[in-house]
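The values are calculated or read from the model by the stated rules, or taken from the named source; none is laboratory data. Since we're looking at a predicted model, the values are computed, not measured. Here the Cβ positions follow ideal geometry from the backbone for every residue, glycine too, while neighbour counts run over all protein chains shown. The area values use the complete protein model at the heavy-atom level, side chains included, leaving out ligands, DNA and RNA. Shrake-Rupley method; radii C 1.70, N 1.55, O 1.52, S 1.80 Å.
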Amino acid sequence: MSKLSNIWVFSDIASRLPEIIAAGVALGEKVSAFVIGTEADINRAYSFGATHVYCLGDKDSQKITEDYSNTIAKVISSSTDTNTLMLLAANKRCKALASKLGVQLQAGVVNDVTEINIDNGICAKHMAYGGLAIAEEKINSPIAIMTLSSGVFEAQVADTNNTGEAVNVAFVEPKTPIKCIERRAKQGESVDLGKAKRVIGVGSGIGSKDNLQIASELSEIIGAELGCSRPIAETEKWMDRERYIGVSGVMLKPEIYLALGISGQIQHMVGALGSQTIFAVNKDKNAPIFQYVDYGIVGDINKVMPALINALKA
Amino acid sequence: MKIITCYKLVPEEQDIAINADGNLDISKAAPKINPFDLCAVETGVQLKGLIDDCSITAMSVGGKALTNPKARKDVLSRGPDDLTVVIDDKFEQLLPHQTARILMAAAQKTGFDLIICGDGSSDLYAQQVGLQLGELLGVANINAVSKIISAEPGKLIVERALDNEVEVLELVLPAVISVSADINEPTIPSMKTILAAAKKPVTVLSAADLDLSDITELVELVSVIAPKQKTRQNIVIEGDDEQQIAQFAEHLRKALK
Ligand SMILES: Cc1cc2nc3c(=O)[nH]c(=O)nc-3n(C[C@H](O)[C@H](O)[C@H](O)COP(=O)(O)OP(=O)(O)OC[C@H]3O[C@@H](n4cnc5c(N)ncnc54)[C@H](O)[C@@H]3O)c2cc1C
């Protein structure tokens, strides 16, 4: 596979940068990282394998990261590299940045990329139709922009021998800046369901908060993290949004997934299909979830949950 | 204030079949309003309740599905005052940068103070249209809006829930916002609003009515194919007698080892 001359990389979330640089190293001869932050952040980018760093300045609480799009676009458009690719983390902020850059650089954009191929032009794959299908898109513009899903590339290991100087870039004021009045850390715990070895997913069939307590007891017994379907997080608000599984939530890769009272719509299942073994309890024998299980039981969770607790405690 | 709420018609996922070669068969899937856009329409309706002298135009671009009277009535029954649709055979399978370009031309024609889009659509989930539209129009634009805090002439304050932080942002109008699915629970239209919808004005435009110089194809869609699924055991125990549950528990116990 021939490489592209240069890959531009950016992530607003520090923990995603090593993976994105890894993608850059795999695909490009040079990896040019944009960094907003301090000397330590610049050194960090070099240590993970960036060959060039462009520093956009210190973090500024009044500015939103998206307003750096004009600054980034100016650097990219004044570069002599043609046929390049810019990679960003696949989160809301970087997606906003990607679209803005797409218009400013007249570049094709693909979000949530799960596979990149540069053998025959620049092509990218991403999930479509709520997980029913994978769409492949080909980018025809000289600059391609993608937000990369997590887990696609193995993160680079830091090597502090890799160092360099950053090029300081002056801020380019956007035409219509957005003022940040307040910024606060999100409430709630932080869980990483995507890394859990065992997960119990709770769906609308759970019926009540009391039953949620029982599901949580079961999860403790088997050493599982508790996750849920979207309605439990978004409609009932019984669990944090960080815990809902599926195309618009978390993608799982556990050894065991046990679904309790979940119907098994594709948008949910996409998040669970990476599980090694899938178990499900649902009282409706025609529930779509049974098409995806290794082991299922057609039964009422009010009966099955307590019985499972007893059986597995022993 | 003049609000435009954009929406896309997407195929009903439940009715999409998968052919043996992995291609999707959407011929039996009825078009419906993209669920995320229902939140955008609802946001417009809620804003209208806060502002004196406010009108909402629903807007969509696409192919012949947009000629469907039922789909038109559906969007209008949810609160917009009128509807503008841009229909052309060439607009059948648009990619986001093209949709944004056409919406830009249509929005410039109708005028606006605020455009509200959904964060993405349930088909390609490209999550770009609102942002690219705002950027093309040269106005303030942002995605992931999870709450409207205040609206007054010339200024909008919104909350934005990101992965690990919440931002409160001030946008100068005109602006384009894309809202996340958790911003509201769209109300279900009542019989009364459905009947009233039939009387609301609809403007139909074609590509020729808009100032659309060549739209470059920055991206092309190569294929949409269902992925191969892992084979599963598919052992389903029917019934929740003590013995049957014990059998299920045994499978689970084995897997836990
Ligand atoms: C664009 C889009 C994106 C989406 N993204 C996601 C996503 O990321 N994640 C997600 O989860 N959903 C997502 N959804 C929603 C998804 O389509 C389903 O609506 C949702 O997953 C259903 O959740 P559920 O199975 O908990 O509820 P339901 O569909 O209401 O199913 C409840 C199930 O519980 C069973 N049940 C009821 N009572 C009992 C009992 N006592 N004992 C045993 N079983 C019982 C019923 O038989 C039923 O099968 C998305 C939808 C759209 C349109």
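Kindly indicate whether any position in the stretch A:199-215 is among the charged types (D, E, K, R), within 7 Å of the ligand (Cβ to nearest atom) and free of Cβ contacts under 8 Å to residues at least 60 places away in the same chain. Give the steps one after another, and end with the answer.
Restricting attention to the stretch A:199-215, the residues satisfying the condition of being among the charged types (D, E, K, R) are A:209-210.
Applying the additional criterion that residues be within 7 Å of the ligand (Cβ to nearest atom) yields none.
Scanning the stretch A:199-215, I find no residue that is among the charged types (D, E, K, R), within 7 Å of the ligand (Cβ to nearest atom) and free of Cβ contacts under 8 Å to residues at least 60 places away in the same chain, so the answer is no.
Scanning the stretch A:216-234 for residues that are away from the ligand (no atom under 16 Å from the Cβ) and within 11 Å of another protein chain (Cβ to nearest Cβ), which turns out nearest to B:Leu162 (Cα to Cα)? Break it down into steps so the answer makes sense when it comes.
Residues of the stretch A:216-234 away from the ligand (no atom under 16 Å from the Cβ): A:216-217, A:219-224.
Next, only the ones that are within 11 Å of another protein chain (Cβ to nearest Cβ) stay: A:221-224.
Details: A:Ile221: 33, A:Ile222: 32, A:Gly223: 29, A:Ala224: 26 Å.
Here the residue is A:Ala224.
Search the stretch B:31-62 for residues being more than 16 Å from the chain's Cα centre (by Cα) and among the charged types (D, E, K, R), and hand back the single one that is nearest to B:Val176 (Cα to Cα).
Ranking the candidates gives B:Lys48 first.
Does A:Ile13 satisfy the condition of being of a type in the set (A, V, I, L, M, F, W, C), closer than 19 Å to A:Val113 by Cβ, surrounded by fewer than 22 Cβ atoms within 10 Å (Cβ to Cβ) and in the same structural domain as A:Thr147 (by the TED database)?
Numbers: of a type in the set (A, V, I, L, M, F, W, C): yes; closer than 19 Å to A:Val113 by Cβ: yes; surrounded by fewer than 22 Cβ atoms within 10 Å (Cβ to Cβ): yes; in the same structural domain as A:Thr147 (by the TED database): yes.
So A:Ile13 fits the description; yes.
Step by step: first the residues of the stretch A:257-273, then only those that are facing chain B (nearest Cβ under 8 Å) and open to solvent by less than 30 Å² (accessible area, probe 1.4 Å), then the one that is farthest from the ligand (Cβ to nearest atom). Which residue is that?
The selected residue is A:Leu258.
Regarding the stretch B:226-234, can at least one residue be identified that is open to solvent by 60 Å² or more (accessible area, probe 1.4 Å) and among the charged types (D, E, K, R)? Please lay out each step first, then the result.
Start the filter on the stretch B:226-234 by keeping residues that are open to solvent by 60 Å² or more (accessible area, probe 1.4 Å), which leaves B:228-231, B:233-234.
Still in the list and also among the charged types (D, E, K, R): B:228, B:230.
Checked the stretch B:226-234: at least one residue is open to solvent by 60 Å² or more (accessible area, probe 1.4 Å) and among the charged types (D, E, K, R).
Can you pull out every residue in the stretch A:61-82 that is more than 14 Å from chain B (Cβ to nearest Cβ) and touching a residue at least 24 places away in the same chain (Cβ under 8 Å)? Before the answer, list the steps.
Within the stretch A:61-82, the subset more than 14 Å from chain B (Cβ to nearest Cβ) is A:71, A:74-82.
Within the stretch A:61-82, A:Thr71, A:Lys74, A:Val75, A:Ile76, A:Ser77, A:Ser79, A:Asp81, A:Thr82 meet the criteria.
If you take the residues in the stretch A:236-256 that are more than 16 Å from the chain's Cα centre (by Cα) and more than 10 Å from chain B (Cβ to nearest Cβ), which one is nearest to the ligand (Cβ to nearest atom)? Please lay out each step first, then the result.
First pass over the stretch A:236-256, keeping only residues more than 16 Å from the chain's Cα centre (by Cα): A:236-240, A:254-256.
From what's left, more than 10 Å from chain B (Cβ to nearest Cβ): A:236, A:238-240, A:254.
On the way: A:Glu236: 9, A:Trp238: 11, A:Met239: 11, A:Asp240: 14, A:Pro254: 16 Å.
Going through the qualifying residues, I end up with A:Glu236.
Residues in the stretch B:43-56: is at least one assigned to a loop (DSSP other than H, G, I, E, B) and within 16 Å of the ligand (Cβ to nearest atom)? Break it down stepwise before answering.
Within the stretch B:43-56, the first condition is being assigned to a loop (DSSP other than H, G, I, E, B), and the residues that meet it are B:51-54.
Still in the running and within 16 Å of the ligand (Cβ to nearest atom): none.
No, because not a single residue in the stretch B:43-56 is assigned to a loop (DSSP other than H, G, I, E, B) and within 16 Å of the ligand (Cβ to nearest atom).
Filter the stretch A:274-300 down to residues that are within 20 Å of B:Ala255 (Cα to Cα) and more than 7 Å from chain B (Cβ to nearest Cβ) and give me whichever is farthest from the ligand (Cβ to nearest atom).
Within the stretch A:274-300, the match that is farthest from the ligand (Cβ to nearest atom) is A:Gln276.
Residues that are assigned by the TED database to the domain that holds A:Asn117, among the hydroxyl-bearing types (Ser, Thr, Tyr) and within 16 Å of the ligand (Cβ to nearest atom): does the stretch A:150-169 have at least one?
For the stretch A:150-169, residues assigned by the TED database to the domain that holds A:Asn117, among the hydroxyl-bearing types (Ser, Thr, Tyr) and within 16 Å of the ligand (Cβ to nearest atom): present.
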